1. Would you mention how many residues in region 117-148 are in contact (Cβ under 8 Å) with a residue 60 or more places away in the chain and under 19 Å from residue 69 (Cα atoms)?
2. Would region 96-111 turn up any residue that is within 26 Å of residue 143 (Cα to Cα), among the hydroxyl-bearing types (Ser, Thr, Tyr), in contact with a helix residue (DSSP H, G or I) (Cβ under 8 Å, 6 or more places away or on another chain) and in a helix (DSSP H, G or I)?
3. Quick check: is even one residue across region 2-25 surrounded by fewer than 15 Cβ atoms within 10 Å (Cβ to Cβ), of a type outside the set (D, E, K, R), out of contact with any Gly (no Cβ under 7 Å at 6 or more places or on another chain) and under 14 Å from residue 91 (Cβ atoms)?
4. What is the residue count in region 98-148 for residues that are in contact with a Phe, Trp or Tyr (Cβ under 7 Å, 6 or more places away or on another chain) and either among the acidic types (Asp, Glu) or open to solvent by less than 40 Å² (accessible area, probe 1.4 Å) (or both)?
5. Hey, any hits in region 49-61 for a residue that's over 16 Å from the mean Cα position of the chain (by Cα) and over 29 Å from residue 142 (Cβ atoms)?
6. Here are some residues: 43, 75. Which one is under 21 Å from residue 8 (Cβ atoms) and open to solvent by 20 Å² or more (accessible area, probe 1.4 Å)?
7. Hey, among 77, 50, 45, which residue is touching a Pro at 6+ places or on another chain (Cβ under 7 Å) and either closer than 20 Å to residue 131 by Cα or charged (D, E, K, R) (or both)?
Amino acid sequence: MTELKKTTKSPRRRAREFAVQALYQVALNNVPAPEVANNIREHTDFKRADAELFTQIFFGANSNQREYMQLVRPHLDRDENLVNLIERAILLMAVHELKEMPETPYPVIINEAIEVTKTFGGTDSHKFINGILDKLVTDLRPNDPKRG
């Protein structure tokens with residue numbers, strides 16, 4: 001008997017994916033965040049997402065983009081303007097969670113960011129995201145007992 005790969009996504013994973021899509025739309029189309037959020041919430045699959053987590057991540061990451069990119073910038077291996085919009089959206093999502101949601105263990109945040117990157121990013125984008133987030137954990141959660 002062949003074992004089927006689990007394809008069901010958790011409501012939290014879906015929320016993160018929708019948050020990345022919303023951050024991408026804001027950056028690409030320069031549309032106000034509330035309008036983008038309303039459009040995302042109308043998506044058929046949104047009912048299977050954690051709506052509260054989506055709202056926290058999307059609005060938090062969107063409103064703190066400048067600050068979050070300042071945190072990311074020292075760890076980049078390229079000019080910030082060369083980071084594609086999907087990678088940028090994923091970094092913003094993960095930085096927001098690392099900084100503002102200490103109840104979520106950082107390994108979960110990094111793993112979720114990698115999985116979202118595998119869904120939306122380029123072939124090796126997940127390696128780039130993983131490298132940046134591994135370095136940011138030291139800055140954002142220096143006293144986390146799971147670190148080290």
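1. 5
2. yes
3. The answer is no, given that none of the residues of region 2-25 is surrounded by fewer than 15 Cβ atoms within 10 Å (Cβ to Cβ), of a type outside the set (D, E, K, R), out of contact with any Gly (no Cβ under 7 Å at 6 or more places or on another chain) and under 14 Å from residue 91 (Cβ atoms).
4. Count: 4.
5. No: region 49-61 contains no residue that is over 16 Å from the mean Cα position of the chain (by Cα) and over 29 Å from residue 142 (Cβ atoms).
6. 43
7. None of the others qualify; the one that does is 50.
Rundown of residues vs (1) within 21 Å of residue 98 (Cβ to Cβ); (2) part of a helix (DSSP H, G or I); (3) at pLDDT 95 or above, yes/no style:
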residue: 9; (1), (2), (3): no, no, no
residue: 31; (1), (2), (3): no, no, no
residue: 40; (1), (2), (3): no, yes, yes
residue: 47; (1), (2), (3): no, yes, yes
residue: 56; (1), (2), (3): yes, yes, yes
residue: 61; (1), (2), (3): yes, yes, yes
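The values are calculated or read from the model by the stated rules, or taken from the named source; none is laboratory data. This is a predicted model, so every value here is computed, not measured. Neighbour counts run over all protein chains shown; Cβ positions are idealised from the backbone, glycine included. Only protein heavy atoms, including side chains, enter the accessible area calculation; ligands, DNA and RNA are left aside. Shrake-Rupley method; radii C 1.70, N 1.55, O 1.52, S 1.80 Å.
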